[in-house]
Amino acid sequence: SRRQRNQQIASPLRWQGCAGQNDHAPACSGGARRFDSPRMDAYSRARELIDTAHAPDPTRTPDGRAAALVYADRMEAWVARLVPDAPPLLRLAARSQHLERWSVPRASFPAGRPGYLAWRRSLYTQQAERARALLLAAGVTAAEAAEVAIWVSKTGLKTNAGTQALEDAACLVFLENE
């Protein structure tokens with residue numbers, strides 16, 4: 001159930017909006033968000049590194065933003081709606097869902113369903129390892145970076161609450177925007 005999932009991935013760390021109040025919107029107008037915890041610097045650096053990795057996406061939205069950044073904002077917003085007390089790591093995992101996906105074109109794999117599934121599996125691995133590396137570079141602990149990698153790689157789908165929250169958010173982002 002939703003309540004059980006929230007309890008399984010709940011954390012005393014709270015995401016704080018620009019004004020210091022809990023804010024579930026994907027972006028703060030006029031400033032960056034922060035984490036209210038002793039590790040907020042590492043989480044903030046991780047967020048910056050993830051967003052910097054998204055920025056070179058060659059696909060742009062009509063307003064000129066990198067499509068990967070828009071997707072990251074949408075993912076984070078849906079995770080916040082599905083898991084109101086989403087810990088910072090789950091929010092960072094949401095932002096990593098399609099991390100540098102644009103760097104592996106679908107056409108680089110065979111046509112048809114088997115090729116498509118192979119492409120997706122390769123992306124899960126690549127995105128998880130890249131997310132882990134960025135989090136470690138930001139100063140996030142190895143255990144926390146490994147947890148994010150598990151969620152992003154889709155490991156434990158249907159049995160891991162964090163993985164399932166990301167998958168649910170991804171489905172909702174797709175339904176809302178495609």
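So here's what we get for this one:
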| item | result |
| --- | --- |
| Share of carbon and sulfur in the accessible heavy-atom surface of the range 68-168 [1.4 Å probe, %] | 60 |
| Gain upon complete extension [Thr141, Ser103; 0.36 nm per residue less C-alpha separation] | 11.0 nm |
| Surface accessible to a 1.4 Å probe, per residue, for the residues of the range 25-178, Å² | 48 |
| Relative compactness, the range 52-141, computed as alpha-carbon Rg over 2.2 N^0.38 Å | 1.17 |
| Dimensions (Å) - the range 117-169, Cα atoms, principal axes, largest first | 31, 24, 16 |
| Efficiency of FRET between Asp41 and Thr61 - r from beta-carbon atoms, R0 30 angstrom, step 0.05 | 0.50 |
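The values are calculated or read from the model by the stated rules, or taken from the named source; none is laboratory data. Keep in mind the model is a prediction, meaning the values are calculated, not measured. In this analysis, Cβ positions are derived from the backbone assuming ideal geometry, glycine residues included, and neighbour counts consider all displayed protein chains. The protein model used for the area step is the full one, side chains on, heavy atoms only, and it has no ligands, DNA or RNA in it. Shrake-Rupley method; radii C 1.70, N 1.55, O 1.52, S 1.80 Å.
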